[in-house]
Each structure stands twice: as C-alpha cells, then as structure tokens.
1. Could you list, in sequence order, all residues of the stretch 52-66 that are open to solvent by 90 Å² or more (accessible area, probe 1.4 Å) and not hydroxyl-bearing (Ser, Thr, Tyr)?
2. Quick check on the stretch 1-27: of everything there that is assigned to a strand (DSSP E or B), aliphatic (A, V, I, L, M) and under 40 Å from the mean Cα position of the chain (by Cα), which residue is modelled with the highest pLDDT?
3. Quick check, is residue 46 part of a loop (DSSP other than H, G, I, E, B), surrounded by 10 or more Cβ atoms within 10 Å (Cβ to Cβ) and out of contact with any strand residue (DSSP E or B) (no Cβ under 7 Å at 6 or more places or on another chain)?
4. Select from the stretch 67-121 the residues that are of a type in the set (Gly, Ala, Ser) and open to solvent by 70 Å² or more (accessible area, probe 1.4 Å) and write down the one among them that is modelled with the highest pLDDT.
5. Any residue in the stretch 1-23 that's aromatic (Phe, Trp, Tyr): show its pairings with residues that are modelled with pLDDT under 75 and surrounded by 12 or more Cβ atoms within 10 Å (Cβ to Cβ) at Cβ separation under 9 Å, as long as the two are six or more apart or on different chains.
6. Restricting attention to the stretch 55-79, which residues are closer than 23 Å to residue 108 by Cα and in a loop (DSSP other than H, G, I, E, B)?
7. May I ask you to list the residues in the stretch 80-119 that are assigned to a loop (DSSP other than H, G, I, E, B) and of a type in the set (D, E, K, R)?
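The values are calculated or read from the model by the stated rules, or taken from the named source; none is laboratory data. All values reported here derive from a predicted model rather than from experimental measurement. Cβ: placed from backbone, ideal geometry, glycine included. Neighbour counts: every protein chain shown. Remember, those area values only see protein heavy atoms, side chains included, never the ligands or the DNA or RNA. Shrake-Rupley method; radii C 1.70, N 1.55, O 1.52, S 1.80 Å.
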Amino acid sequence: MSTIGSLVFCTDCGSLLEGSVGDPTRILVCDVCGTRNKDTVPKTIVSESKPSSFPSSLRAKRSAIQTLTQADKRTEALIEKDCPKCGRKEMYFTTVQLRSADEGSTVFYTCVCGYKETTNN
C-alpha cells in the first residue's frame, strides 16, 4: 500500500482507499479490486531548495537594489492631443471612475509643461 500525505492507495490497483485513520493494525479493503491493505500512518514529506539550485538568467540580472527613474514611476499613457498652453502634440492621460458605474469615466490630461485638463466621458 502506498501513501501520499494523508491519502492511502491500494497496492494492486492504485485506487484511493477510504476510511484511513492511521492505525497500522487496521485492514482496509479496496472497493475496486477487493485487495486487503494495511492502514498506515500518514507520512509528511517536506522538501526545500535553495535559489542557487535552479540557476536563472533573470535571477542573475536581478539586483538587491533597484533604481527607478522618473519615467519608470510614470503611470499615465501617452496620447496624440494638442496642448492648448504650449502647443505640444502629445499629452499624458489617465482615466478614473469617479461617478456611478453606469456613467462614463473621467479622463485627466497632463502636459509636460504643467497644463492639466479633465474631460467627462
């Protein structure tokens, strides 16, 4: 009979045996093939591995200290929209659902010159 964790399987057909309590003197009969199996104490197997056991090119490139630039922190998307203040052809935008769910979202536009504009969709 084999055990995996707290599950006990029949030695002949491999079916899951019901009623296991971990008493080695108890006999469990397989419902599929009728084989008599001894109940066993559940075994717990714990395995651990070190990060160095599985080398990775991504892990090798990773640094304990990461430096983020201002561009990395920017979460807005870029869109082709003319800025009324400086005339730049691109502005950053982000959308937020400020009103109820059945109404449109609010779009916030921001230019690098500092101009800000909002539109309700």
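1. 54, 55, 58, 59, 61, 62, 64, 65, 66 - these are the residues of the stretch 52-66 that are open to solvent by 90 Å² or more (accessible area, probe 1.4 Å) and not hydroxyl-bearing (Ser, Thr, Tyr).
2. Here the residue is 16.
3. In short, no.
4. By that ranking, first place goes to 101.
5. Qualifying pairs under 9 Å: 9/1; 9/2; 9/3.
6. Listed by number, the residues that qualify are 69, 74, 75, 76.
7. From the stretch 80-119, those assigned to a loop (DSSP other than H, G, I, E, B) are 81-89, 97-105, 111-115; that's our starting set.
Answer for the stretch 80-119, where residues must be assigned to a loop (DSSP other than H, G, I, E, B) and of a type in the set (D, E, K, R): 81, 82, 85, 88, 89, 99, 102, 103.
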